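The values are calculated or read from the model by the stated rules, or taken from the named source; none is laboratory data. This structure is a prediction, so every number in the text was calculated from the model and none was measured. Ideal geometry is used to build each Cβ from the backbone, glycine not excepted, and the neighbour counts take in all protein chains shown. These area figures cover heavy atoms from the full protein model, side chains too; ligands, DNA and RNA do not enter into them. Shrake-Rupley method; radii C 1.70, N 1.55, O 1.52, S 1.80 Å.
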Amino acid sequence: MFNIIFWVLTLLSLALFGGAIYLVARALLKKLNRDQGTDMSALEQPATAKGAALKNTTLLKALTIGILSIMALLPLGIIMDMTSDREMLYNSVVDEIGRSWGEQQTLSGPALVIPYSYFVMQEEVSNDGKTRHEVKRTYQDELVILPKKLSLDLDLKHDFRTRGIYQSLVYNAALKGQAEFRLNRYDIPNLITFDNQNARLVFGVSSNQAIDKVEKIEVTGDSVLLSGSLMSGTGLTTGGLEKGFNQGIQVGEASDFSVNFAMTLRGSQSISALPLGEQTLLNIHADWPHPSFKGLLPAEREITANGFTASWNISHLTRNYPQEFIKSNQSTLTEVVANAMLFEPVTHYGKIERSVKYGLLFIVLTFIMLFIFELGQKTSLSTVQYMLVGSAMALFYLLLLSLSEHLAFLQAYLIAACIPVLSVSTYVGSATASLKRGAIVGTMLVSLYAVLYSILQLEDYALLMGTGLLLVVLLILMFVTRHQPKNTVQ
């Protein structure tokens, strides 16, 4: 229902703008025709001189307007650079808040790590260099076992953290999960023994400082957790598991056991999970209504005004690393990831940049309107007056930039738009000594800024709306000038 109302208002704004241009041009061209028809003798006698003078004056004024329009690119470019600088400062503050609160989180695991020892027969040469003999050397390594089945449930609650005039979107995440492990007979060359008494469960977290609390780690089966052995770090250099924490465990003789765990942590911008199980089930629920998914897309998702829910069901066939590997092999587990971003659709800086891109069009349209006024009156507007009108139009974007950092975008837009609408319409009405003409210019500006706001709100249709505006303006100008009087030479 809201979209229908929005489109209706947008179309009405376009119609109002087009009607304003049409009425002004039609009235002034009629007046020009009447003025030319009142003194036929004056037109018949010096037609050549008057026609040449009129053409020269019109051409000179058109060239002046063109030069002023090009000059308008200078203040618009300065405002665009200022907007980019402010946006860069905003992004740096967001990153700084993220580093303090918690950066983008990537969760992985748990994975079971079992130390083992193996031997290697090496040939050595005696001190005299004449005899050779084999020596049995013992080495240590670790076997990393990924879960058979992994289930993760994430509940995200968004919040905002402010610094100065800027704020950053952050979240608190409550994680609950279950991992099922199945131990097999592993074929490791020259194996001596597994150290099942000193195994550990490793949990990968990309930002350790953002871990609030590990609420529980429970094991079901013949394995036993080692008390007091929850420690920071994973002891691995494997990509995706190099950061986090670990829990000591004594692995029993039974072939299967499961781990239930829960923790709370902080983060910002996005959260990701690595599908380490042969079958990974991931569910994310958040109270933020603007998600953006990257990597593996969710199998099911539901987005409402109160938040979103997304579910993944990922098979191990989507990736290239095995379920068991040796620590020294340096495997990388980050090639496949499920990611959900708490996305802010369009920041006010993005909207301002997009509005500045239409600034030249708005200034040119206003100049054309003033030029049409000049065609219907005896006194013309000076170059200084055109410059002041263009400056008032450009000032709108600077006001919008400064106000949007302190007010909601709609409020900032309305306040900033009042400046050119009131000042330009009053100025034109005073310069042309016509209250009616000032009101027509004000109506046109209100329509223009209503159309601009519609373009800024429609992310997917912004290009279409902007192109439609140009097309409407072109067709109206072609229509109202189709019978423009010509100077004839007898």
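General remarks:
- For Ala286, net neighbour charge (Lys/Arg +1, Asp/Glu -1) across residues whose Cβ lies under 10 Å away: -1
- In nm, spacing of pseudo-spin labels at Glu405 and Leu474 (7 Å Cα→C-beta vector): 3.9
- Whichever aspartates and glutamates have a C-alpha closer than 16 Å to that of Lys436, once near sequence neighbours (fewer than 8 apart) are set aside: Glu374
- Protein accessible area in region 391-474, 1.4 Å probe - carbon and sulfur %: 73
- Placed amide H near Gly252: partners under 5 Å, 5+ positions off or other chain: Ser223, Val224
- The apolar share of the surface of region 315-371, taken as the fraction of accessible area on carbon and sulfur atoms (1.4 Å probe, ligands and nucleic acids excluded), comes to 57 percent.
- Each Cα pair under 8 Å and six or more residues apart adds its separation to the average, and for region 86-200 the resulting relative contact order is 31 percent.
- Interchain or long-range residues, amide H under 5 Å from Lys243's placed H: Val205
- Using a probe of 1.4 angstrom and keeping all protein chains present, the accessible surface of region 244-368 works out to 40 square angstrom per residue.
- Sequence-distant residues sharing a close amide H with Asp195 (under 5 Å, placed H): Tyr116, Ser117
- Above-threshold pairs, the threshold being 24 Å between Cα atoms, out of Lys216/Lys243; Lys294/Lys357; Lys176/Lys243; Lys216/Lys327: Lys294/Lys357; Lys216/Lys327
- Here the relative contact order of region 157-222, from alpha carbon pairs under 8 Å that lie six or more residues apart, stands at 16 percent.
- Net charge, Asn246 excluded, C-beta distance under 14 Å - Lys, Arg +1, Asp, Glu -1: +1
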